[in-house]
1. Identify the single condition in (1) part of a helix (DSSP H, G or I); (2) in contact (Cβ under 8 Å) with a residue 60 or more places away in the chain; (3) under 11 Å from the mean Cα position of the chain (by Cα) that A86 does not satisfy, given that it satisfies every other one.
2. Can you confirm whether L61 is hydrophobic (A, V, I, L, M, F, W, C) and surrounded by fewer than 19 Cβ atoms within 10 Å (Cβ to Cβ)?
3. Can Y142 be described as in contact with a helix residue (DSSP H, G or I) (Cβ under 6 Å, 6 or more places away or on another chain) and without any contact (Cβ under 8 Å) to a residue 40 or more places away in the chain?
4. Give me the pairs: first residue in the range 63-80 and assigned to a strand (DSSP E or B), second residue surrounded by fewer than 19 Cβ atoms within 10 Å (Cβ to Cβ) and of a type in the set (G, A, S), beta-carbon distance under 8 Å, and six or more apart or on different chains, which are they?
5. Of all the residues that make up the range 70-98, how many are among the small types (G, A, S) and over 18 Å from K173 (Cβ atoms)?
Amino acid sequence: MSFEGAKYYMKGVLRFFIFMKRVVNIWAAIVLMVSVSCSGSNQNSEINTSAIAKQDIICKLSNTMIITIGDTQLKATLADNSSAEALKKVLAKRTISIKMRDYANMEKVGFLKRFLPKNDEPITTKPGDLILYHGCMLVIYYAPNSYNFTRLGKIDNITSERLMELLGKGKVKVTLSLEE
């Protein structure tokens with residue numbers, strides 16, 4: 001191989017390594033963005049006193065959630081699990097509005113626009129059950145269903161008929177907030 005041939009070959013190798021460095025940087029950025037957006041917090045951060053103080057505040061948050069459908073406000077008691085605690089943490093900062101739709105003539109389902117930890121277990125739902133599905137969808141049941149779900153809570157003192165009347169047919173907007 002001549003000097004010119006070797007020089008041409010080395011330029012190609014150099015271009016390839018520069019290209020690969022860019023590809024690795026792009027993938028690293030994508031992985032970082034996905035992990036941050038899905039986790040909702042930096043789980044690798046060190047525990048410090050402010051983190052402990054924040055945890056104390058979360059523990060003192062109300063265990064009652066307000067679900068607003070139109071002009072009607074319903075109270076729901078939140079479950080005792082990490083999923084409900086994560087939801088309380090989000091609701092302590094702001095309300096969440098969810099566009100929900102009918103599914104299978106037994107539930108309304110809508111995206112939370114964030115992932116919460118899952119605590120799936122075999123559950124047979126009842127009217128008023130609030131379920132986390134796939135870690136990112138809120139489901140309000142008005143008829144029974146059996147599956148592995150994560151329970152977020154239950155709407156207090158509600159019948160299937162009243163819930164169906166409030167939720168209506170088709171799409172509905174539901175707003176979630178914590179009771180003060």
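All of the numbers you see were taken from the coordinates with simple rules; none came from a lab. Being a predicted model, the structure only gives us computed values, none of them experimental. Here the Cβ positions follow ideal geometry from the backbone for every residue, glycine too, while neighbour counts run over all protein chains shown.
1. Going through (1) part of a helix (DSSP H, G or I); (2) in contact (Cβ under 8 Å) with a residue 60 or more places away in the chain; (3) under 11 Å from the mean Cα position of the chain (by Cα) one by one, A86 breaks only (2).
2. For L61, the condition - hydrophobic (A, V, I, L, M, F, W, C) and surrounded by fewer than 19 Cβ atoms within 10 Å (Cβ to Cβ) - is met.
3. Yes.
4. From residues that are assigned to a strand (DSSP E or B), the pairs are M65/S177; I66/S177; T68/S177.
5. Number satisfying all stated conditions: 6.
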